[in-house]
Ligand code: GAR
């Protein structure tokens, strides 16, 4: 049986689109729900075009623990019999108790070569530090931010005239290849690190 996957988004959902296309092509898992914490997320429209059930649950609190918000998410996950969660540009930190209730079942993509540049504004910090190499990482989600087991990593060069936007786009292009490839290996139970 293919695993039922929920994809969490907050914005344009381009990673969600590449995950869905890959699951449809390869059948290693099934995209069963797209969940956004922002009503304005344009990724929701893309999910509708795929005919994937989508929900938007907006937290009442701007940040920090919001038990009602997470309880509603859990209800939807149960409702759609979700077995695995892929965070794809989901810009809300989930509580420890939420993460602990899905042990080894939440993946995330982060736009840096973890463990370097955890958190926000990764490309800006990469540029400021004069890095020659950056990239993206797919990892398991644990209560500590951007710190779970690394499953896949792709490198991207930083070029002399790069801006935050040019790096963002070059990294995003790699994310669209790395995330599906890593998700497939994960669903097939293969534990080798995926590198690009
Ligand atoms: C991606 O670059 C992803 O790595 C990043 O948000 C973007 C979402 O783009 N995620 C984070 O920064 C998480 N800390 P998308 O909505 O087009 O997939």
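Read-outs: derived from the displayed coordinates by stated rules, not from any lab. Remember, it's a predicted structure, so these values are computed and weren't measured experimentally. Cβ: placed from backbone, ideal geometry, glycine included. Neighbour counts: every protein chain shown.
Taking the criterion of being in contact (Cβ under 8 Å) with a residue 40 or more places away in the chain and within 10 Å of the ligand (Cβ to nearest atom), the residues of region 162-177 that qualify are 168, 171, 172, 175, 176. Per the listing 134, 155, the residue uniquely loosely packed, with under 15 Cβ neighbours inside 10 Å and in a strand (DSSP E or B) is 155. Just checking, how many residues over region 109-131 are more than 7 Å from the ligand (Cβ to nearest atom) and within 14 Å of residue 152 (Cα to Cα)? Residues meeting the conditions: 4.
Against the test of being touching a residue at least 12 places away in the same chain (Cβ under 8 Å), more than 28 Å from residue 5 (Cα to Cα) and touching a strand residue (DSSP E or B) at 6+ places or on another chain (Cβ under 8 Å), the options 139, 123, 110 yield a single qualifying residue, 123. Residues of region 54-94 that are at negative phi and within 16 Å of the ligand (Cβ to nearest atom): 54, 56, 63, 85, 86, 87, 88, 90, 91, 92, 93, 94. Considering only region 132-149, state which residues are away from the ligand (no atom under 14 Å from the Cβ) and farther than 17 Å from residue 186 by Cα. The answer is 132, 133, 143.
A single entry from 48, 38 fulfils the requirement of being within 11 Å of the ligand (Cβ to nearest atom), out of contact with any helix residue (DSSP H, G or I) (no Cβ under 8 Å at 6 or more places or on another chain) and more than 22 Å from residue 139 (Cβ to Cβ): 38.
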